[in-house]
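**Q** This is the structure I want to talk about, given as structure tokens.
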């Protein structure tokens with residue numbers, strides 16, 4: 001009887017071990033919580049999550065359909081996705097309530113998560129981060145990872161986020177034609193957002209006007225070459241062409257990252273055109289030269305559409321030297337060489353218009369603008385065609401801004417239009 005009891009005891013031990021071993025090999029098919037992290041990212045421990053809630057993040061995307069937001073954790077370089085609800089609080093850097101839509105990509109924020117389900121409880125723009133808007137003067141060096149804003153250099157790293165609208169783009173896609181919003185901490189750039197992008201104007205059928213000039217909104221001027229392309233900020237422009245006696249205007253809408261084609265032949269007109277110019281010079285005995293030849297400016301003059309040089313000399317006065325952009329049937333030009341409001345003042349205004357172009361689009365049109373005042377007679381000459389082009393553009397007077405037969409402009413009106 002004792003031996004039989006031993007057998008039962010041995011059988012019970014074997015059965016218990018077998019059950020234990022079977023339990024070790026069983027697969028757990030229950031749900032796995034990712035603790036609010038984006039798919040593909042390894043779940044963090046509770047201790048890690050609590051630490052990361054004090055981290056800084058940049059907003060990467062907002063899905064208003066699914067009510068989710070994706071962030072880049074600046075400390076870990078890891079993307080994290082969380083849900084938000086109607087109860088989620090959004091604040092700007094000053095602590096004022098804002099909408100979820102205001103959390104656009106690139107914003108630097110801190111997060112507060114609801115304990116159990118890790119829903120976003122609060123998203124607040126960081127008070128420690130700086131933000132600069134409407135940046136047009138910038139450059140970057142991808143090799144050294146240096147981003148220069150104005151004259152100040154900042155660093156950036158591989159985690160730099162760059163956006164155009166809501167879309168992530170490469171930094172190399174940002175050009176000098178863009179306007180940026182930049183955010184960072186201390187001397188480090190964390191995000192770059194293109195707020196005003198650029199597009200391309202493609203000229204076709206340029207043969208009749210090659211060597212002539214093109215203007216955009218009567219402020220930026222370009223010498224026309226064969227089927228040239230212009231990279232310009234997005235927006236609507238009045239595109240005007242003039243040269244070789246032809247000329248015309250059209251409105252073009254430049255869309256971000258898009259190319260628009262402009263048929264020059266269709267806007268130049270059928271026959272060579274001429275402008276009737278009348279001049280009023282306030283110094284008696286002054287001499288006027290147009291395209292190097294002396295003219296009698298007391299009578300109306302006929303000039304072909306295009307660019308012409310104009311120079312006025314008078315004893316006791318600086319030589320007045322400009323370029324005349326002709327693209328309208330008639331115009332009246334008043335030139336003041338004397339008094340407090342002298343020609344040098346008007347020349348200064350014209351130079352100021354050129355400087356404004358350099359400030360706004362400084363690295364955008366560096367090959368087609370100049371700071372030359374054009375007050376000396378020698379300013380009209382140059383050692384090369386490219387120098388002449390640059391110098392000429394600072395001296396352009398846009399005398400005609402439309403093709404209406406009744407169109408007339410004074411020099412002061414032109415200068416004012418250039419400095420708007």
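**Q** Scan the range 299-312 and report the pairs whose first residue is at positive phi and touching a residue at least 60 places away in the same chain (Cβ under 8 Å) and whose second residue is crowded, with 16+ Cβ neighbours inside 10 Å and not in a strand (DSSP E or B), with Cβ atoms within less than 6 Å and a gap of 6+ or a chain change.
**A** Once the first residue is at positive phi and touching a residue at least 60 places away in the same chain (Cβ under 8 Å) and sits in the range 299-312, its partners that are crowded, with 16+ Cβ neighbours inside 10 Å and not in a strand (DSSP E or B) give 306/212.
**Q** Which residues, counting only those in the range 185-198, are over 10 Å from the mean Cα position of the chain (by Cα), surrounded by fewer than 22 Cβ atoms within 10 Å (Cβ to Cβ) and touching a residue at least 12 places away in the same chain (Cβ under 8 Å)?
**A** The answer is 185, 187, 188.
**Q** While we're here: Can you pull out the residues in the range 129-149 that are exposed (fewer than 11 other Cβ atoms within 10 Å of the Cβ) and assigned to a loop (DSSP other than H, G, I, E, B)?
**A** Answer for the range 129-149, where residues must be exposed (fewer than 11 other Cβ atoms within 10 Å of the Cβ) and assigned to a loop (DSSP other than H, G, I, E, B): 143, 144.
**Q** Within the range 99-112, track down each residue that is part of a loop (DSSP other than H, G, I, E, B) and modelled with pLDDT of 90 or more.
**A** Selection gives 103, 104, 105, 106, 107.
**Q** Give me the residue from the range 313-328 that is touching a residue at least 40 places away in the same chain (Cβ under 8 Å) and part of a loop (DSSP other than H, G, I, E, B) and, out of that set, farthest from residue 208 (Cα to Cα).
**A** Among those residues, the one meeting the criterion is 318.
**Q** Pick from the range 207-230 the residues that are assigned to a loop (DSSP other than H, G, I, E, B) and within 19 Å of the chain's Cα centre (by Cα): which of them is surrounded by the most Cβ atoms within 10 Å (Cβ to Cβ)?
**A** Among those residues, the one meeting the criterion is 219.
The values are calculated or read from the model by the stated rules, or taken from the named source; none is laboratory data. Model, not experiment: these values are computed from the prediction. Cβ sites come from the backbone with ideal geometry, for glycine too, and all protein chains shown count toward neighbours.
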